[in-house]
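These notes concern the structure reproduced below.
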Amino acid sequence: MMKNLPALHSVPVSMDNLDIIRNIWKTNFPKEAKEETPFFDDKDIFECSINNLGDLNAKYFIVYENDTPVGQWGLYTTTLEQNETAWLGWFSVLPKFRRLGYGSHILTFFETMARAEGFKFIRLYTSKDNIPAQECYKKFGFVLEDFIGTTNMETEPLVIGSKSISDTPVQPWGNKPMEL
């Protein structure tokens, strides 16, 4: 059961709040931030999403409790299941807000948007050693599976989470190639 969190809302990333999502990302993904390389045209993934640069089909959001940033999330599609599946991207909650129900609320924002945009399924991935995230995803109804396929980036071992948000049962991802 999710806690009732006052005035929790998602705000699309824009040039006005770009530094906020970058700071959340650097706090919650220090390894990736340390290895940061431009995504396209010397811009990071968040700025590319704002300006529709490259072949990125993604939207990113900052989650606030009142005026305080508490986390971030994104929705993107891949070429393999572009019209059926929304993927959760760069989902995180700042450390001092973890284990208080914020993650479940963010997952609800993601699922609601995916359903409103007509997707049948939602998917996500996390590192195989991120047990707290996996527990959160299971509680939210995702079915998890180990991923041993290939990706378009070098990465640690992954777990894929899949969930149907329609009347159509979701098939496991299997080990199809992934676009991260």
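Remarks
- Selection count, the stretch 166-179, where residues are out of contact with any Gly (no Cβ under 9 Å at 6 or more places or on another chain) and either under 17 Å from Phe91 (Cβ atoms) or at pLDDT below 90 (or both): 1
- Members of the stretch 9-20 that are surrounded by 12 or more Cβ atoms within 10 Å (Cβ to Cβ) and more than 12 Å from Ser49 (Cα to Cα): His9, Ser10, Val11, Asn17, Ile20
- Residue, surrounded by the most Cβ atoms within 10 Å (Cβ to Cβ), within the stretch 166-180, restricted to residues that are without any contact (Cβ under 8 Å) to a residue 60 or more places away in the chain and among the aliphatic types (A, V, I, L, M): Val170
- The residue of the stretch 11-41 that is farthest from Tyr64 (Cα to Cα), among those that are part of a loop (DSSP other than H, G, I, E, B) and at pLDDT below 90, is Asp41.
The values are calculated or read from the model by the stated rules, or taken from the named source; none is laboratory data. Quantities reported herein were computed from a predicted structural model and do not represent experimental measurements. Please note: Cβ atoms are built from the backbone with ideal geometry, for glycine as well, and neighbour counts cover all protein chains shown.
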